[in-house]
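One structure is given below, encoded as structure tokens.
The values are calculated or read from the model by the stated rules, or taken from the named source; none is laboratory data. In this text the structure is predicted, and so the values were computed from the model without any measurement. Virtual Cβ from ideal backbone geometry, glycine too; neighbours counted across all protein chains shown.
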Ligand code: SAT
Ligand code: MN
């Protein structure tokens, strides 16, 4: 590492000299935690970057990285009059989504990863990764990003340090996490952090010209070591594969920590719902990726007097409180939301949030240098450059924006951000929702009768696959608690942990199942969704207070006739089709759940097996 340049802010040093004890005053904070210094040195020695840059998380640093990315043609600055402070970035067409087949949980014992995760022996995996990481940052800068998931003031927050060779990742982490010196200060000399080592896996040979989106076309690995509390990610620069604070730390690793410490790390949005009388309740909801979490989190109410505010759109850390209730905290500082389908008509608050200071990835570019995607406006602007950089031809039948195109934006820009969004203690939950994308079988909403039955609903979530992960789109797959790709340990133990949490609190919140995506015989959505979902939230709110009417069915409680407020709804809704429970479809569903549960063998908690038997009996009688 002789002569390895070390930069912090505008100052440059020799890394070796600093290591040998000559730590300049302004750098003290970076060299106080021995484990951090060890990780940086070890990674630099293995990956052989040409420079090390310590990221302080300042706005100046962010802006200078953006300018750099613009000069290299990686970021296209958008029209400052229309979309100030914003950029468009185009990924490699082969690196557009999470790679679940390349995502691993490398616990010491295979059984601890469980039947739903890819597993390899950690020592073997480390050997494979050491080979891939050797020299992988040649010709590139190694960035060190200290970050804090959760409010800086919260005792529940988790500190991580991501080392990456992608400046796009640094900019995204700045938006999505509390990043930089503040996180380092919280870490302190003795503090523990989750090391997250990431490389796009494309070393540059002497004189080789870089591409705008470097990644590794052949080898991709997103690997978690739950016992060691470490993440190593290779070969991809996109989303959850690369912004390691999100799915890797705040879900996969945090779920393991939560299991040990008695709390839950969940793939859930959190919202505050206020009724016309001014009473407010917080609700958390789990849906798989690309099933409308950001849309529900930023809902613009179609019912007069009802209001939704957003605490978080993707992740909730949930703990039993001393008051006997569950409290939820959003560990993220920004939104990494799905762009296609977002419009002023469907989601005005999302559009306002992304009006400035936003990084767009894989959307289309208009003639006046603004962004566009399918569903933003009825007319397709012309001219239009598609997400691959070509002039768009609507006759091609292809979409102009990639179907997993995203916006990355600070939640502080959200016009309906809940005042408690950064509350270090989180917010008390009054209801929990599960849901998926199902064109048949599942009614718009139903309620479970107990915590155990609620856990059964979470465990039996299934959903049509979306473009958030690589692979076929539209195939129904089981996605328990919407955590299938994000649970860091055995899913059977995870079910048991949920049951256990319910026993530890006096007042578990009621649990509901929702499905906005049911279709009619012609293949059209029956329910308008978006702002009209407030009607469902209203029924849930009033169920929690015990006032809205319900009918008991074989699967749970549904709104009784006229209990769902459809006043002033703009579209005609076939309520019968929306709530029909076909015993034929449900018998199929029951068989599906039964064969899925068999996957967990002895790890399936008895309470869930019993709930399934009960459902079978009720369906047999119906
Ligand atoms: O995992 S990502 O952050 O890329 C998005 C998602 O799947 O929810
Ligand atoms: Mn998500």
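The residues listed here are 555, 569; of these, the one that is part of a loop (DSSP other than H, G, I, E, B) and either under 22 Å from residue 499 (Cβ atoms) or in contact with a strand residue (DSSP E or B) (Cβ under 6 Å, 6 or more places away or on another chain) (or both) is 555. Per the conditions (1) closer than 27 Å to residue 582 by Cα; (2) surrounded by fewer than 21 Cβ atoms within 10 Å (Cβ to Cβ), the sole criterion not satisfied by residue 428 is (1). Of all residues in the range 159-177, none are at pLDDT 95 or above, away from ligand 1 (no atom under 14 Å from the Cβ), farther than 24 Å from residue 42 by Cβ and surrounded by fewer than 18 Cβ atoms within 10 Å (Cβ to Cβ).
With respect to the stated conditions, residue 184 fails to be outside any strand (DSSP E or B), touching a residue at least 24 places away in the same chain (Cβ under 8 Å), in contact with a helix residue (DSSP H, G or I) (Cβ under 6 Å, 6 or more places away or on another chain) and surrounded by fewer than 17 Cβ atoms within 10 Å (Cβ to Cβ).
Results for (1) within 16 Å of ligand 1 (Cβ to nearest atom); (2) closer than 18 Å to residue 80 by Cα, shown as yes or no for each residue.
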residue: 349; (1), (2): no, no
residue: 352; (1), (2): no, yes
residue: 356; (1), (2): no, yes
residue: 361; (1), (2): yes, yes
residue: 377; (1), (2): no, no
residue: 388; (1), (2): no, no
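A residue that is in a loop (DSSP other than H, G, I, E, B) and either within 25 Å of the chain's Cα centre (by Cα) or at pLDDT below 95 (or both) can be found somewhere in the range 529-539. Selection of first residues in the range 88-104 that are over 28 Å from residue 122 (Cβ atoms) and of second residues that are within 16 Å of ligand 2 (Cβ to nearest atom) and in a loop (DSSP other than H, G, I, E, B), restricted to Cβ pairs under 6 Å at least 6 apart or on distinct chains, gives the following pairs, ordered by first then second residue: 91/238; 96/404. The number of residues in the range 572-609 being out of contact with any helix residue (DSSP H, G or I) (no Cβ under 6 Å at 6 or more places or on another chain) and not in a helix (DSSP H, G or I) comes to 7.
Screening 548, 580 for residues that are within 33 Å of the chain's Cα centre (by Cα) and crowded, with 17+ Cβ neighbours inside 10 Å leaves exactly one candidate, 548. Total residues in the range 283-294 satisfying the condition of being at pLDDT 95 or above, outside any loop (DSSP other than H, G, I, E, B) and crowded, with 24+ Cβ neighbours inside 10 Å: the figure is 3. Residues that are at pLDDT below 95 and surrounded by 18 or more Cβ atoms within 10 Å (Cβ to Cβ) within the range 471-503 are absent altogether. The residues of the range 5-44 that are in a loop (DSSP other than H, G, I, E, B) and at pLDDT below 90, listed by number, are 9, 10, 20, 21, 22, 23, 24.
Filtering the range 212-271 to residues that are within 21 Å of residue 421 (Cα to Cα) and more than 16 Å from ligand 2 (Cβ to nearest atom) leaves 258, 263.
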